[in-house]
Amino acid sequence: MHSVVVFIPMFVAWQWLTAVKTNGTDYLVLTFKRQLAATNLSFTVESSADLLNWVTGSSYSPAGNTPDTAITREVNRAGAPIETITVLEQLPMSEGTNRFMRVRISRP
């Protein structure tokens with residue numbers, strides 16, 4: 001399991017990147033936390049094969065949430081006042097290919 005800590009003043013987001021097997025196929029899964037009281041921040045899950053070109057997936061913002069897209073889908077969301085969100089990349093992992101996920105945190 002890989003762990004990344006992102007620090008933004010007055011807010012901390014933890015991210016865990018793992019792989020899960022579903023029906024014999026491996027998928028990349030990202031779990032992160034967000035503070036529900038931080039209503040001035042947007043969280044966007046992004047996916048990449050090369051770390052240069054990123055594709056937008058699930059997003060969470062004060063204007064509304066888009067948990068499921070063609071790229072990613074939310075598999076779990078729970079907790080308050082700090083919410084834990086788990087998102088699965090819908091593209092299966094293949095041997096010999098690189099897959100990356102991240103959470104972009106921004107102010108809308």
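Laboratory data are not the source of any read-out in this text; all were calculated from the coordinates shown. Given the structure is predicted, the values throughout are model-derived calculations rather than measurements. Positions of Cβ are backbone-derived with ideal geometry, glycine not excepted, and every protein chain shown enters the neighbour counts.
Laid out as a table, the results:
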| quantity | calculated |
| --- | --- |
| Where a label projected 7 Å from the Cα of THR18 along Cα→Cβ would reach, residues of the stretch 32-56 with amide N under 15 Å | 32-33 |
| Counted charge near LEU41, where neighbours are those whose Cβ lies closer than 11 Å (Asp, Glu -1; Lys, Arg +1) | +3 |
| Low-density loop cleavage sites - GluC sites (Glu not before Pro) in the stretch 8-108, where at most 15 other Cβ are within 10 Å (DSSP) | GLU95 |
| Per-peptide average of other Cβ atoms within 10 Å, ordering 49-55, 60-66, 19-25 highest first | 60-66, 49-55, 19-25 |
| Euclidean distance of C-alpha centroids, the stretch 83-108 and the stretch 54-69, integer Å | 12 Å |
| Mean Cα-pair separation over length for the stretch 37-79, i.e. relative contact order, pairs under 8 Å, 6 or more apart, % | 30 percent |
